[in-house]
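Down below is the structure, laid out as structure tokens.
The values are calculated or read from the model by the stated rules, or taken from the named source; none is laboratory data. As the structure is a computational prediction, the values presented were derived from the model and not from experiment. Positions of Cβ are generated from backbone atoms using ideal geometry, with glycine treated the same way; all protein chains shown enter the neighbour counts.
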DNA sequence: CGCTATTTTGAGATGGCTCAAGCTATGTGG
DNA sequence: CCACATAGCTTGAGCCATCTCAAAATAGCG
């Protein structure tokens, strides 16, 4: 169990706690519990009672949602500093998503009640949380629009670009997406099948845009990928309107 | 210009201001500006500077987002008591969506700065806003999953059910969706084309599920529609995974 | 009462899904 | 250290839900 001061040091740079003075940070730190989650294990599951808010310190988490029929989509990938489960702040609700560690994770946790109290205590936290969730909403809206109006290839390009931002790791030959990432996963992020992802990635590999390995994707030509994502060449969009 | 007490009376039942005492409500009311927007006109447009937060008092607003190529999706419909433009609370951002009045609207407005100050002043508002945005996020995530995994017919059924909740008006023969609603609009809500919407609605009309008129849709058999939406009969889902 | 926006319908094209099968890393137990 | 098992990846062939485009029918509105 680390010292209080160490916890404070770890949560200080977290966006959720931006603007807090030392006293407030200490109060937050004192209320924090530490959690570790093995790769593949879960922070929480969809439809279970939302009882805790997490802030990720180390590792990476995949947020998914699935239908009763078992079809799944990946909504988001969260890295260090990110918040999980804002829903828990409000009483009696269930998590709308499942949060699965894609590797070993270390996180801080607060019960929903505790976090609510901390927010009342210190408006900055509530405001920061609002900013975070608002940003997430924007992102989700954008992805919704993409899914509704863009072709698969562009969506996959967009997804990779997002992943670079969230988990990009500069290497000698390009930018590695630093997490295990199957074609299945990419399909679930973009609303398509692993087969289609495979074909697209293969083509891009032949064109020298990306490097593909088992659960590993490296971006070799970001500009080229961005060009596909924003359509600086082929057939624009479709569907919804031709106003 | 109505009396302060009248404004207080109007904003008191708004979810964003739930839990405020009279003094706080008065402060909020004093800072409020009133706005009226004609049918078809805009509260704000995508990509313009997000400078104000609105709370709708009367009317109905359509939130849309469009691509550079001009393809548009409808993200949400907001009715009385709803909040518009939470983004404005945070400095220097642009509205991610366009807010268009689908009929004459009356609303209260606060500059982003003012609303931020009110939130600092009174944590309840920030917490209420967080709850609102979190709920929106949940909704958006769910719709994303739907779009990624369900067939058009189910999505349209879901959209109508949502619209009933937001703008349903009980009549003698069924529930009228009380706003002008073209097939184009429904298509933009569900990620399909007006042609497909027309065919689906026509079929449902023949089956006695809905009544269709020019920009008017009435639900005659909610149960039947819900059955389609949750698939109590025909071919489940597709795409994304067959894990 | 004509104009314009909306809705309907048909016919044809197609992107991407499905299913089936083989291939290949990686890890595991002998 | 090898052989096998497993999970992930690739590829082909066929299909089909839905999009496109075109055109006619309809309904409000000025």
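Per-structure values
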| item | result |
| --- | --- |
| Extreme residue, farthest from residue B:74 (Cα to Cα), among residues of region B:187-202 that are within 14 Å of another protein chain (Cβ to nearest Cβ) and touching a strand residue (DSSP E or B) at 6+ places or on another chain (Cβ under 8 Å) | B:191 |
| Members of region A:71-106 found to be assigned to a strand (DSSP E or B) and surrounded by fewer than 19 Cβ atoms within 10 Å (Cβ to Cβ), listed by number | A:94, A:106 |
| Index of the failed condition, residue A:150 passing every other in (1) more than 13 Å from every other protein chain (Cβ to nearest Cβ); (2) under 30 Å from residue A:221 (Cβ atoms) | (1) |
| Members of region B:180-210 found to be away from DNA strand C (no atom under 12 Å from the Cβ) and under 17 Å from residue B:102 (Cα atoms), listed by number | B:189 |
| Residue list for region A:146-173, restricted to those being out of contact with any strand residue (DSSP E or B) (no Cβ under 8 Å at 6 or more places or on another chain), within 16 Å of DNA strand C (Cβ to nearest atom) and part of a helix (DSSP H, G or I) | A:146, A:147, A:152, A:153, A:154, A:155, A:156, A:157, A:158, A:159 |
| Among (1) more than 10 Å from chain B (Cβ to nearest Cβ); (2) surrounded by fewer than 21 Cβ atoms within 10 Å (Cβ to Cβ); (3) under 30 Å from residue B:231 (Cβ atoms) - the single one residue A:62 does not satisfy | (2) |
| Test result for residue A:71, in contact (Cβ under 8 Å) with a residue 24 or more places away in the chain and in the same structural domain as residue A:96 (by TED's automatic domain parsing) | no |
| Strands (runs of 3 or more DSSP E) wholly inside region A:175-228 that include at least 1 residues being surrounded by fewer than 15 Cβ atoms within 10 Å (Cβ to Cβ) | A:210-213, A:216-219 |
| Failed condition for residue A:30, given (1) surrounded by 13 or more Cβ atoms within 10 Å (Cβ to Cβ); (2) at pLDDT 95 or above | (1) |
| So residue A:138, is it surrounded by fewer than 17 Cβ atoms within 10 Å (Cβ to Cβ) and away from DNA strand C (no atom under 11 Å from the Cβ) | no |
| Residue within region B:156-168 that is closer than 24 Å to residue B:70 by Cα and away from DNA strand D (no atom under 12 Å from the Cβ) present | yes |
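Yes/no per residue for (1) assigned to a helix (DSSP H, G or I); (2) more than 11 Å from chain B (Cβ to nearest Cβ):
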site	(1), (2)
A:108	no, yes
A:113	yes, yes
A:117	yes, no
A:120	yes, no
A:125	yes, no
A:129	yes, no
A:133	yes, no
A:138	yes, no
A:144	yes, no
